[in-house]
Structures are given as structure tokens and as C-alpha cells.
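For reference, the structure discussed in these notes is given below.
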Amino acid sequence: MFRYLMRRLLAAAVILVVISAITFVTFFALPTDPALLACGKTCSPSRLAEIRHALGLDKSLATQYWEFFKGLFVDRTYGDQSITVHCNAPCLGVSFQSDTPVLTILLGDFPVDLSLGTGAAVIFLVVGVGLGMVAATHKGKAADKVAVSASLVGVSLQIYFVGLLLMWAFVDKWQILPAPSYTPLTQDPVGWFQGLLLPWATLVVIYLAFYTRLSRSSMLETLGEDYIRTARAKGLPMRRVILKHTLRAAITPIITIFGMDLASLIGGTAVITESVFGLNGIGKQAVDAVTNSDLPVTMGTTLFAAAAIVVFNIIVDMAYGIVDPRVRLA
């Protein structure tokens, strides 16, 4: 198991380095002059030259990337004699618009995405797998037809429609819940839960359908295996056959998809959900950075999302080793 994880960690490190290089070249080599984005619409040639020097854009692209890569491990200082900004390691650059280290901006928005993604993911995983198990064990019956029909309806809906509908019903019409907002969990657990309940519900409606159908198909495929029929023929209780044998074998593809979905949500891809409910997370920060042409923040959010996917890939690999012992020998 240790060698298995070491190989995965080494591969993840290489992937992150490659992604950082591609991302840096994409955002800093393709634009004609990133200094113009920081200088604004009215910019004199002398001021433009000062900004290029302060941001290190007057150096070669290879030197710029090396300093960026080195900044991931040591502190950096941006600016000139008039204005300087210190960036602690790991340094992802400094915003063109606010002169704030990108990592500081991301860490400020990260609790929103962590709460939003984790809460919704736990709900749609547990409920989706549960409904899939019920549908698979009652194939062709009313419970199966209801679960499949509900999943078809859910997968056809869009986040902005479900979100606005829930807002209208529970906030405006019935006034059961307060308007969605983010409150730190440590500050007010009840306010944190109430403020994120509708965003969670919106994501659950969208993702639940897929997990129900995926769990149902995986369970049906596993229930047809010879060892499952043997276990049932020996007189084992159906509940034990489902929970101990069938679910454990059918959970592998679910773990894969769940890891990617959770990484995407935490990495800031719930952009529409954050926009609908007015949550200031990494996804909304990425949209604002693109709108304002703030290249360092745009690159930082891209790298953050990529790192989240790589990290959760490793977690998924670890889960494989727990669920299926054969993976440990691979």
C-alpha cells in the first residue's frame, strides 16, 4: 500500500508541475502585454514600462516561470520603489487589480466552496446510493419506476431554474428560510446551516439523479454475478448480501465519479450556484477575474481547481485500496 501511494504522489507532483507550466504560458505568453491589463485604459508609456519592470514582465518567459515556480517554495516581493507587495510562499502571484496575493484571495473564498461542495456532496451521495439500492432490489416494481422517473426529471433541470424556484418558494412566498448567505461554521453553526440549505438542495436535485441511476446500474450488474447467487443460495439474509457483498463490489465506479464531482465543487466550478445565491466563492472570484482581466487571479483559480482534482484523485486511489485489496498489489 505504501509503494502504491508513493507512485501516485510522484505522478501527482509531475502532473501539477506540467499543469503549472501550461497554465503560465497560456495566461502570460498568449496575451499581447499583460502589463496593459494592470495599467488601465489611460496609461503612459513611462508608467507602462514601470509596471512591466515591477511585475517582472520585462524578463524572458523562462525566467518569469522559474521565478513563479520558485515562489511556490520561497517568499517573493512584487513592485518597484514606490509600491511593494510581499507574497509569502506558496506564492501564486499578486492581483493586478487589488495588489493582494492571489493565495490570500483564494483562502478567503475557500471556506464557501468547502462548505457548499462538501455539504451537498454528502447528501447526494448518501441519498443517491440509497435510492439506487432500493431501485435495484425492487427492479420492475413501483419503487424502481418512481426512482428512475424522478432521476430523469432531476437530470433534465438546470441549476438556475431550481435555485430561483427554491428561493421563490422557501424565502419569498412561505418565508420558511432566510435568504442564502455564508456564515462561518465556527461563528454560528445554525446560521451556517440555514444559509447553505437552499444551495445544497439545488445541487442535490441536479446530482442526485445521476448517482441514483449509476448506483442502480452498478447494483444490478453485481447482483447478476455468480458469487452473489451463491451467497443467496446458502441462505444468507438479503440485507447482508446487499450491504456486505453487492454494495462493496458496486461502489468502485461511484467512488470514481464522486471524487471528481467533489473536487470540482470544492475547486470552484459551482459558478452558477454561487451566482444564483450570491455566494462569494472561488467560482465567482474566477468569473470576476476574467471580467476584470486579472491574469494572476485567473491563473490562480485555474491552478487551484487543477490541484483539487489531482488531490482528490489520490484520495480516490486510496479508497480503491481500502475497498478492493487487489488494487494494493497493482
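The values are calculated or read from the model by the stated rules, or taken from the named source; none is laboratory data. From a predicted model like this one, the values you see are computed outputs, not experimental measurements. Here the Cβ positions follow ideal geometry from the backbone for every residue, glycine too, while neighbour counts run over all protein chains shown.
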Exercise. Check off (1) under 21 Å from the mean Cα position of the chain (by Cα); (2) not assigned by TED's automatic domain parsing to the domain that holds Asp294 for Phe69 and give me the number that stays unchecked.
Key: (1)
Self-check item: Residue list for segment 218-257, filter: over 34 Å from the mean Cα position of the chain (by Cα) and acidic (Asp, Glu)
Solution: Glu225, Asp226
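To keep it simple, each residue is scored yes or no on (1) over 15 Å from Thr137 (Cα atoms); (2) modelled with pLDDT of 85 or more; (3) in contact with a helix residue (DSSP H, G or I) (Cβ under 8 Å, 6 or more places away or on another chain).
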site	(1), (2), (3)
Phe210	yes, yes, yes
Arg216	no, yes, yes
Leu220	no, yes, yes
Gly224	no, no, no
Thr273	yes, yes, yes
Gly281	yes, yes, yes
Val287	yes, yes, yes
Val297	yes, yes, yes
Ala308	yes, yes, yes
Quiz item: Quick one: how many residues across segment 242-295 are surrounded by fewer than 22 Cβ atoms within 10 Å (Cβ to Cβ) and within 30 Å of Thr230 (Cβ to Cβ)?
Solution: 14
Quiz item: Among the residues of segment 217-233, is there at least one that is within 30 Å of Ala29 (Cα to Cα) and crowded, with 21+ Cβ neighbours inside 10 Å?
Solution: no
Exercise. Could you grab me the full set of residues in segment 91-131 that are under 22 Å from Pro34 (Cα atoms) and of a type outside the set (Ser, Thr, Tyr)?
Key: Cys91, Leu92, Gly93, Val94, Phe96, Gln97, Asp99, Pro101, Val102, Leu103, Ile105, Leu106
Quiz item: What about Tyr182, is it within 30 Å of Gly132 (Cα to Cα), within 19 Å of the chain's Cα centre (by Cα) and surrounded by 14 or more Cβ atoms within 10 Å (Cβ to Cβ)?
Solution: no
Quiz item: Applying the selection to segment 285-310, what residues are in contact (Cβ under 8 Å) with a residue 60 or more places away in the chain and of a type in the set (D, E, K, R)?
Solution: Asp294
Self-check item: Matching residues in segment 260-306 - criterion: being among the hydroxyl-bearing types (Ser, Thr, Tyr) and closer than 18 Å to Leu114 by Cα
Solution: Ser264, Thr269, Thr273, Ser275, Thr301, Thr302
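For every residue, the table says whether it meets (1) in the same structural domain as Thr118 (by TED's automatic domain parsing); (2) free of Cβ contacts under 8 Å to residues at least 40 places away in the same chain; (3) touching a Leu at 6+ places or on another chain (Cβ under 8 Å).
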site	(1), (2), (3)
Gln194	yes, yes, yes
Val204	yes, no, no
Arg213	yes, no, no
Met219	yes, no, yes
Gly224	yes, yes, no
Gly235	yes, yes, no
Arg239	yes, yes, no
Quiz item: Quick check, is Arg213 exposed (fewer than 14 other Cβ atoms within 10 Å of the Cβ) and among the basic types (Lys, Arg)?
Solution: no
Exercise. Might you check whether a residue that is crowded, with 19+ Cβ neighbours inside 10 Å, in the same structural domain as Leu131 (by TED's automatic domain parsing), at pLDDT 90 or above and small (Gly, Ala, Ser) occurs anywhere in segment 167-177?
Key: no
Self-check item: Count - residues of segment 88-117 that are among the acidic types (Asp, Glu) and surrounded by fewer than 15 Cβ atoms within 10 Å (Cβ to Cβ)
Solution: 1
Exercise. Filter the helices (runs of 4 or more DSSP H) completely within segment 1-70 down to those with at least 2 residues that are at pLDDT 75 or above.
Key: 2-28, 45-55, 61-70
